[in-house]
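Down below is the structure, laid out as structure tokens.
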Amino acid sequence: MSAKKPSVTIRRGTPADARGIRDAHIASIRGLCVTHYSQAQVDVWSSPRPLERYRKAMTEKGESYFVAAQGRRVVGFAAWKDEELCAIYIHPRVAGQGVGKRLLEQAERDAMRKGVRRFRMHASLNALPFYRSQGYRVYRYAMHPLRRSGITIRCAKMTKRLTKTGCRLSSA
Ligand SMILES: CC(C)(COP(=O)(O)OP(=O)(O)OC[C@H]1O[C@@H](n2cnc3c(N)ncnc32)[C@H](O)[C@@H]1OP(=O)(O)O)[C@@H](O)C(=O)NCCC(=O)NCCS
């Protein structure tokens, strides 16, 4: 008999989560972005970043991180700063179970509490239906450079006005 998997909880990310965040980031790109991008693009995009980059994003660059955790394992994360949603990536093993939506809502609530009234982001094309379902709209398409590799990916610039409607303010 297999053990029941622990439920997924959302909490703030800390520098101690850097490795788990990186693992989920890589698995997400490789598992979920391949539908819309070439293998060469996915390879560059998912090549491992130094753990220090994630830590510095939190401690020096001022990005606010939330992680989705299943037991001790990080299975997704979101990051935002100012009006920018910097990242949201879900491990394929929990995709399609509402985890991305919970992370996005938590980031939106956190931003609103800090006075942010609008989010923008560069959305990957595979994520368009997700963002649309959460009220974001495309205002332009653009090519996004991948880490000075000379390789670019086509993205949609999306935006949404943040309102308290339907938002439960939680204390995470
Ligand atoms: C995009 C992503 C974050 C979505 O996370 P997820 O946990 O799978 O999405 P959820 O299960 O929370 O879905 C939330 C809503 O989006 C909709 N949705 C998600 N993916 C969808 C798809 N491919 N097609 C249609 N609808 C989709 C769901 O139906 C759901 O709608 P509902 O709120 O009406 O029920 C996830 O697929 C991912 O990490 N993708 C790879 C990384 C990536 O592209 N990140 C974005 C970088 S900009």
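A short reminder: the numbers here are calculations on the coordinates, not readings from a lab. Everything numeric here is computed off the predicted structure, so don't read it as measured data. Note: ideal-geometry Cβ built from the backbone for every residue, glycine included; neighbour counts use all protein chains shown.
Taking the number of other C-beta atoms within 10 Å as the exposure measure, put His25, His36 in order starting with the fewest.
Listing His25, His36 from fewest to most nearby Cβ atoms yields His36, His25.
Tell me the relative contact order for the chain as a rounded percent, counting alpha carbon contacts under 8 Å between residues six or more apart.
22
What lysines could a cross-link reach from Lys56, if we take a straight Cα to Cα line under 19 Å and drop same-chain neighbours fewer than 8 places away?
Excluding near neighbours in sequence, the set is Lys81.
In sequence order, what are the phi-derived ³J(HN,Hα) couplings for region 145-157 according to the Karplus relation 6.51 cos²θ - 1.76 cosθ + 1.60 with θ = phi - 60°, rounded to whole Hz, with x for glycine and proline?
Rounded to whole hertz, the list is x, 9, 6, 6, 8, x, 9, 10, 10, 7, 10, 10, 7.
Placing unit charges on C-beta atoms (Lys and Arg positive, Asp and Glu negative, everything else neutral), compute the dipole magnitude of the chain about its Cα centre in debye, rounded to 20.
340
Taking the radius of gyration and the Kirkwood hydrodynamic radius from Cα positions alone, what is the Rg/Rh ratio for the chain, to two decimal places?
0.95
Check Ala123: other-chain or 5+ apart residues with amide H under 5 Å from its amide H, H built from backbone geometry?
For Ala123, whose amide H was placed from the backbone, the distant partners under 5 Å are Ala156, Lys157, Met158.
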